[in-house]
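Visitor: Just dropping this structure here.
The values are calculated or read from the model by the stated rules, or taken from the named source; none is laboratory data. Computed from a predicted model, the values in this text were never measured in an experiment. Because the Cβ atoms are built from the backbone with ideal geometry, glycine has one as well, and the counts that use them run over all protein chains shown.
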Amino acid sequence: MPVCLASALVTKRPAARAITEETCRCPRRGPAGSSRGGNPRRRGRRILLAPLAVVTLWPLPSAALDPETRNQDLIDLSRVIVQQSVSYVPAVMPNPGSDQHAYTFETEISYAATDWYQFAIALPAAFAARADVPGNTDRQFSWSGIVVRNVFITPRSGERSAFAGLMVQLAYAAPGAAVASLADTHTRFALGLTPIAGFAYDGTQLVVSPTLAFGLGAGALTSLSPAARLTKTIATDLDIGIEYNAVLGPIGAFVPPGQQVHIIYGVTDFKLAGFSLDLGVGYGVAATSRGLAVKTAIGHGF
């Protein structure tokens, strides 16, 4: 499922207060030659913790911006969020072509108990011809399976100039599904890993989130689906930008470029009457995935 996490998985909320100098002040060093901080075991622990500190204590310049240009957090804290998405894509893997367009649907229920972890369950479905049958154009509505998602993200991501995260997905593909619940892995169960890297400056946010899917079981295949999203906040609760989604095929053995799926969208996120909306209109640029693409999502927190 080549989607960008910042828009498709969670509803945004205004950033919280900034970390002040008092809350992130470092201990003062002792005089030269003193025993303060000189324990070798402690030094070793500090070295091991250094990478974690870089991510969690990254400077927060966006917190000083006007609220209308401040970046949004990726997790809506302590709320149950129901999101419904509907998309039209010009091609699906592993048998893309001009006659393989599909309508996909997904209902997701998510909950975040902290600002660094979100749990979600998604029920995808599709109206499409079975992609694993070459030349098949007999479209049908089918349940795709179920996906359980765990999203880990840098706390207070909306206030940081850089943040990172990881989404771990466990998917079940229903028998006879026209479109796989996660990716075409030739197995009933699949594991998906999506590293998240985000960068923000002056209301502009870039999120890169490729998904690596691994089949679980005999004859399993892998799949790589790159995704990236660049948006600009132009008003309170209103973002516009571009998004790139792709499916390259098995990791280490990509299908020929003409058989890959590459779609570029123009996107917008906004809130209306308490609902969060994500709209995108794009075009497939690869030879066998060329054509109009549309994606929509509407979510509401309770």
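Visitor: Go over the candidates Ala218, Ala253, Ala228 one by one and state the one that is in contact with a strand residue (DSSP E or B) (Cβ under 8 Å, 6 or more places away or on another chain), farther than 28 Å from Asp138 by Cβ and not aromatic (Phe, Trp, Tyr). Break it down stepwise before answering.
Guide: Working: Ala218 fails: in contact with a strand residue (DSSP E or B) (Cβ under 8 Å, 6 or more places away or on another chain); Ala253 fails: in contact with a strand residue (DSSP E or B) (Cβ under 8 Å, 6 or more places away or on another chain).
Checking each option against the conditions leaves just Ala228.
Visitor: Of all residues in the range 174-201, how many are surrounded by fewer than 24 Cβ atoms within 10 Å (Cβ to Cβ) and either free of Cβ contacts under 8 Å to residues at least 12 places away in the same chain or assigned to a loop (DSSP other than H, G, I, E, B) (or both)?
Guide: So the answer is 8.
Visitor: Sticking with this structure for a sec: Looking at Ala113, is it among the small types (Gly, Ala, Ser), assigned to a strand (DSSP E or B), modelled with pLDDT under 90 and under 24 Å from Phe275 (Cβ atoms)?
Guide: Answer is yes for this residue.
Visitor: Return yes when Ala213 is in contact (Cβ under 8 Å) with a residue 24 or more places away in the chain and in a strand (DSSP E or B) and no when it is not. Talk me through it step by step, then tell me what you get.
Guide: Details: in contact (Cβ under 8 Å) with a residue 24 or more places away in the chain: yes; in a strand (DSSP E or B): yes.
Spelling it out, Ala213 is indeed in contact (Cβ under 8 Å) with a residue 24 or more places away in the chain and in a strand (DSSP E or B).
Visitor: So how many residues does the range 150-173 have that are assigned to a strand (DSSP E or B), crowded, with 22+ Cβ neighbours inside 10 Å and within 18 Å of the chain's Cα centre (by Cα)?
Guide: Within the range 150-173, residues that are assigned to a strand (DSSP E or B), crowded, with 22+ Cβ neighbours inside 10 Å and within 18 Å of the chain's Cα centre (by Cα) number 6.
Visitor: With respect to the numbered conditions (1) part of a strand (DSSP E or B); (2) farther than 24 Å from Thr104 by Cα, which one is the sole condition not fulfilled by Gly241?
Guide: Evaluating Gly241 over (1) part of a strand (DSSP E or B); (2) farther than 24 Å from Thr104 by Cα leaves (2) as the failure.
Visitor: Still on this structure: Out of curiosity, is Gly241 touching a Ser or Thr at 6+ places or on another chain (Cβ under 6 Å), farther than 16 Å from Ala171 by Cβ, free of Cβ contacts under 8 Å to residues at least 60 places away in the same chain and not β-branched (Val, Ile, Thr)? Outline the logic, then answer.
Guide: Working: touching a Ser or Thr at 6+ places or on another chain (Cβ under 6 Å): yes; farther than 16 Å from Ala171 by Cβ: yes; free of Cβ contacts under 8 Å to residues at least 60 places away in the same chain: yes; not β-branched (Val, Ile, Thr): yes.
Answer is yes for this residue.
Visitor: Continuing with this model, one more query. Name the pairs: first residue in the range 278-302 and closer than 22 Å to Leu230 by Cα, second residue in a loop (DSSP other than H, G, I, E, B) and β-branched (Val, Ile, Thr), Cβ to Cβ under 6 Å, at least 6 apart or on different chains?
Guide: Hits for this filter: Gly299/Thr11.
Visitor: So which residues in the range 234-275 are of a type in the set (Ser, Thr, Tyr) and modelled with pLDDT under 95?
Guide: Looking only at the range 234-275, we keep the residues that are of a type in the set (Ser, Thr, Tyr), and these are 236, 244, 265, 268.
Once the filter is applied, which keeps residues that are of a type in the set (Ser, Thr, Tyr) and modelled with pLDDT under 95, the range 234-275 yields only Thr236.
Visitor: Among the residues that make up the range 285-301, is at least one of them at pLDDT 90 or above and outside any strand (DSSP E or B)?
Guide: Among the residues of the range 285-301, at least one is at pLDDT 90 or above and outside any strand (DSSP E or B), which makes the answer yes.
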